[in-house]
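Report on one structure; see the data block that follows.
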Amino acid sequence: MTDGAAIRSRFLPRFLTIATGRIERCSQLAERGDWNAITTELHALAGEAALLELRDIASLAREGERLARKPESQVECASILRSLEAQIAACASAS
C-alpha cells in the first residue's frame, strides 16, 4: 500500500464526515448570501481533499471557491456545491 493510499484509508471516514458538514454549511451560507464564508469552507475542503488525493473533489472545491469570489458567478457556485455533494456521497458509497 502506498503512503497516499494508507493515509486515505485511515482518514477517509473522518474526511467524509467533515466534508458533508462543510457542504451543508455552504448551502445554509448561500441562503444567507454569505459568499465570503463559503469561500473559506471551500478552500478548506479543497485542501483536505488534496491531502487525501481526492483530485475530483479538490478540483471542484477550488472551482467553487473561485466562483464564490465573484458576485456574477454565484449561481454557478451553487451548482458546484450540488456537484460536490454528489461527489462526496459517491465517495462515501465506494468506501
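The values are calculated or read from the model by the stated rules, or taken from the named source; none is laboratory data. Predicted model, so just to flag it, every value in this text is computed and none were measured. Cβ: placed from backbone, ideal geometry, glycine included. Neighbour counts: every protein chain shown. Heads up: the accessible areas ignore ligands, DNA and RNA and are worked out on the full protein's heavy atoms, side chains in. Shrake-Rupley method; radii C 1.70, N 1.55, O 1.52, S 1.80 Å.
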Inset, instruction - Determine, yes or no, whether THR40 is free of Cβ contacts under 8 Å to residues at least 12 places away in the same chain and touching a helix residue (DSSP H, G or I) at 6+ places or on another chain (Cβ under 9 Å). - result: yes
Inset, instruction - Would you be able to tell me the number of residues in the stretch 49-68 that are of a type outside the set (Ser, Thr, Tyr) and surrounded by fewer than 15 Cβ atoms within 10 Å (Cβ to Cβ)? - result: 4
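One line per residue, one yes/no per condition, for (1) out of contact with any Gly (no Cβ under 9 Å at 6 or more places or on another chain); (2) not charged (D, E, K, R):
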site: GLY21; (1), (2): yes, yes
site: GLU24; (1), (2): yes, no
site: THR39; (1), (2): no, yes
site: LEU42; (1), (2): no, yes
site: ALA61; (1), (2): no, yes
Legend entry - Criterion violated by GLU53 - all others in (1) assigned to a helix (DSSP H, G or I); (2) in contact (Cβ under 8 Å) with a residue 12 or more places away in the chain; (3) in contact with a helix residue (DSSP H, G or I) (Cβ under 8 Å, 6 or more places away or on another chain) satisfied: (1)
Inset, instruction - Please enumerate the residues belonging to the stretch 30-48 that are under 18 Å from SER79 (Cβ atoms) and either open to solvent by less than 20 Å² (accessible area, probe 1.4 Å) or touching a Lys or Arg at 6+ places or on another chain (Cβ under 8 Å) (or both). - result: TRP35, ILE38, THR39, GLU41, LEU42, LEU45, ALA46
